[in-house]
Amino acid sequence: MIWNEARECMSRDELMTLQEKRLVGMVKKVYHSVAYYRKKMQQKGIEPGDIRRIEDLDKLPFTTKEDLIQNNPFDIMAVAQSEIIRYHNSNGTTGTQITVGCTRSDIGAWAECVARCISMAELGRNDTIQIMFHYGLFTGLLEAYGGAERVGAAVVPMMMCNTRSLIDMMKELNVTGILCTPSYLLHIGQVIEELHEIENLKLKTAICETESWSLKMRRDIERRLGISTYDIYGLSELGGLGVACDCIYHNGLHVQEDFFVTEILEKDTDTAAKDGKKGELVFTTLHREGTPLIRYRTGDVTTVNREPCQCGRTYARIGPFDSKASDTIFIRGVSVFRFQLENMFDGLNMLHVRYLMRIYRVAKLDMIDVVVELDEPDKALFKEKEEMIKSKLVNAVRRTIGVVPKVYLVGMGVIPHTVDKNSVIVDERQYD
Ligand SMILES: [Zn+2]
């Protein structure tokens, strides 16, 4: 099913014309209405008139997650506050929360993007879709509702809570589609197997937001549940879910190119990588009113393919994602940059302390341990500091990722020393 054939199947020439028109308008707009972008462009010695084609993109400055953290969110918004009807927050340590503003038009554009993704996954008005994201650090569920309702599906909003209740609801309402994280979907699959409920369900499709999941894990989920799975990509900073999704041919995720320009940049040179070559994924928003982003560095490492797809869509496809090379770590569906975790530890301002964060899986759920190396030879003082350190750490990790970690205090010499970092992050989850 193609939701918007006129757009999704337009020729690459038509698309290029549309992208250039929107890019020129966007650059003019941010230059004149956002002092932050104007200053950055002036520092590079460019004016809006210098940007006339997509090839001119590399003249523009980058925007990074750190830029969004360091600046007041209203300083990057391109409209008056009265035009904003919703704020989306992404995870960050205390004081480093990223907030983007959405206008009515932005919310409508997101519903359109997600409607296209849901249609790519062959779900539509005759389907009942259960949406199971946490309403917390991840705002993806809001776009998911908007998109599912736009295609006319019946939506069953349910948080990840009691898995048995979720399965009962699936049965009772004849749920055919699910949106959730892959790790939670696998957990649901195991419970359905244990309860021998598979025959009583009408489930046919699941759409999972891009977490690090391997083909093996995906096939395992498909086998257990007897369903097809689709991958959806989005970032809170870009507005949420729906930037890209894979179609029935599962050969990369189609980017909504009328809303975003995609660049893949070579690691060391920041120059455009050839199609098919790995590099950092960078997006420029073409339609965004609230918080437009110019050349936003996602930290994700992937490839792009601009060849036509068998499904008939002409939009470029991205993927697969290189989870090991990526700066982003996904923990229970929440994306967090490694530097955010490092900043979190540094922000605790504890002296003579080093940290090791271990991320692993138990029963397909992501878990976190933090090992703290404390340079305190006095046993009584060590004990005294222990509770205080544990409490600070539990609060900091919960605020940043939404997960309560186990914390262990150890003496010196346990954590491997790196050259200039106070913390080590080890992701032990196996994806293959
Ligand atoms: Zn396709």
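The values are calculated or read from the model by the stated rules, or taken from the named source; none is laboratory data. Please read all numbers here as calculations on a predicted model, not as lab measurements. Here Cβ is always computed from backbone atoms with ideal geometry, including for glycine, and neighbour counts include all displayed protein chains.
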Checklist outcome for this item: Checking 330, 339 in turn, the sole residue that is within 30 Å of residue 304 (Cα to Cα), in a strand (DSSP E or B) and out of contact with any strand residue (DSSP E or B) (no Cβ under 7 Å at 6 or more places or on another chain) turns out to be 330
Next on the checklist: I'd like to verify a number: residues in the stretch 197-228 that are in a helix (DSSP H, G or I) and closer than 28 Å to residue 110 by Cβ, how many?
Outcome noted: 5
Checklist entry - Within the stretch 258-280, is there a residue that is touching a helix residue (DSSP H, G or I) at 6+ places or on another chain (Cβ under 6 Å) and within 16 Å of the ligand (Cβ to nearest atom)? => result yes
Next on the checklist: Which pairs turn up if I take residues in the stretch 63-80 that are assigned to a helix (DSSP H, G or I) and look for partners that are modelled with pLDDT of 90 or more with beta carbon separation below 6 Å, at least 6 apart in sequence or on another chain?
Outcome noted: 75/36
Next on the checklist: at pLDDT below 90, crowded, with 17+ Cβ neighbours inside 10 Å and either outside the structural domain of residue 155 (by TED's automatic domain parsing) or not in a strand (DSSP E or B) (or both): is that true of residue 194 in this structure?
Outcome noted: no
Next on the checklist: Six or more apart or on different chains, Cβ atoms under 8 Å: show the pairs whose first residue is in the stretch 27-38 and in the same structural domain as residue 286 (by TED's automatic domain parsing) and assigned to a helix (DSSP H, G or I) and whose second is surrounded by 17 or more Cβ atoms within 10 Å (Cβ to Cβ) and of a type in the set (Gly, Ala, Ser).
Outcome noted: 29/78; 30/78; 33/78
Next on the checklist: Pull out all pairs, ordered by first then second residue, where Cβ-Cβ is under 8 Å, the residues are six or more apart or on different chains, the first lies in the stretch 231-242 and is at positive phi, and the second is among the β-branched types (Val, Ile, Thr) and in a helix (DSSP H, G or I).
Outcome noted: 242/114
Checklist outcome for this item: Scanning the stretch 303-337 for residues that are more than 16 Å from the ligand (Cβ to nearest atom), among the basic types (Lys, Arg) and more than 14 Å from the chain's Cα centre (by Cα) gives 324
